[in-house]
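Let me begin by presenting the structure, written as structure tokens, before commenting on it.
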Amino acid sequence: TLHALPARFTVTGGGGYCSGGTGVAVGLSGSESGVNYTLFRGATQVTVVAGTGSTIPFGLQTVAGTYTVTATNATTNCQNNMSGSAVVTVNALPSCLITFNNPPPWGFDTTCANSVGNLYSATAGMASYSWAVSGSGTIVGSNTGSSVSITAGPTGSYNTSVTLTNANGCVSNCIKSTPIKSSPTCVLSGPSSVPCNSTGNVYSVSNGSFTISSYNWSISGDGVITSATNGSSVTVTAGASGSFNISVTSTGFNACPSF
């Protein structure tokens, strides 16, 4: 006696999904009662579902591979391979790494109080970027490029975060914390009024409890510094009239300047 083969239906579904996701659906376009439908991934049997006379969902598949279906009549054991296949691919999430491009000279991922132009970059070649900052920092300019510029606040720290989306639509997030180093206090002392053409006018800077690594003095107006400009004090010769302005930049042991 010849028995009819199970009717041939078409495998449906498949596609790609992002790693860590719920997978993609695989199914069959129809089914017959009294027929069992076996889902294979390559040569590996995944599941068996009894026909109902309607479409069959095999559920969400999370393992990459090519899925096919074989129908077996439960009474006669006659088999028939269903048409087509469903391919499942697992797309990798983008690698997320934030790099601080211009940290201060001491080489750690910290920055100075109120510093500008703190530049951070993320993995190149993404389809989109979305930057955010929390804490004591502010984004300056665009937050949708592969890099971002941040102005630090006066104290504390800030967290720089970015959401990356790759060409497959997969998303990763990463975050980088940047502590803020304080600048030395800066108090100038010296005469506020001096005779014209006077010499030996001494100006000094006090930086409180900070240990200072360097000084840089300058003068404008009608006066001349007559001593070295890299110490904690300078000597000024006044001009014949008018005024002069004297200033100093002192840099602490952590390389943050105070003006």
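For the reader, a short list of remarks on this structure follows.
- Apportionment of accessible area to carbon and sulfur, the chain, percent (1.4 Å): 52
- Given [x] -0.45; [y] -0.66; [z] -0.54, the label whose value is log10 I(q)/I(0) by the Debye sum over Cα atoms at q = 0.09 Å⁻¹ derived from this model: [y]
- Among THR151, THR163, THR38, the largest mean-square fluctuation in a Gaussian network model of the chain, built with springs joining Cα atoms closer than 10 Å, belongs to THR38.
- Contour minus Cα-Cα distance for SER146 and SER189 (0.36 nm per residue): 10.8 nm
- On full extension, the segment bounded by SER243 and ILE139 gains 33.4 nm, given 0.36 nm per residue less the C-alpha separation.
- Sequence-separation-based contact order of the chain, relative, with Cα cut under 8 Å and 6+ spacing, percent: 13
- Normalised by the number of residues in segment 1-108, the average gap of Cα pairs under 8 Å and 6 or more apart makes the relative contact order 31 percent.
- Based on the convex hull around the alpha carbon atoms, segment 130-185 presents an average projected area of 4.1 nm².
- Computed with a 1.4 Å probe over protein heavy atoms only, the accessible surface of segment 127-222 comes to 51 Å² per residue.
- Of THR44, THR144, THR68, the one that fluctuates the most in a GNM where the chain has Cα springs shorter than 10 Å: THR44
- Summary value for segment 105-237: 19 percent relative contact order, contacts being C-alpha pairs under 8 angstrom separated by 6+ residues.
- Cβ-derived FRET efficiency at R0 41 Å, ALA64 paired with ASN159, nearest 0.05: 0.70
- Given R0 = 45 Å, the distance between the Cβ atoms of LYS176 and SER232 translates into a calculated FRET efficiency of 0.80.
- Distance between segment 24-58 and segment 189-248 - C-alpha centres, whole angstrom: 89
- Taking the chain as a Gaussian network of alpha-carbon nodes connected by springs under 10 Å, the highest mean-square fluctuation of the residues ASN173, ASN159, ASN36 belongs to ASN36.
The values are calculated or read from the model by the stated rules, or taken from the named source; none is laboratory data. Keep in mind it's a predicted model, so treat the numbers as computed, not measured. Cβ: placed from backbone, ideal geometry, glycine included. Neighbour counts: every protein chain shown. With ligands, DNA and RNA removed, areas are computed over all heavy atoms of the protein, side chains included. Shrake-Rupley method; radii C 1.70, N 1.55, O 1.52, S 1.80 Å.
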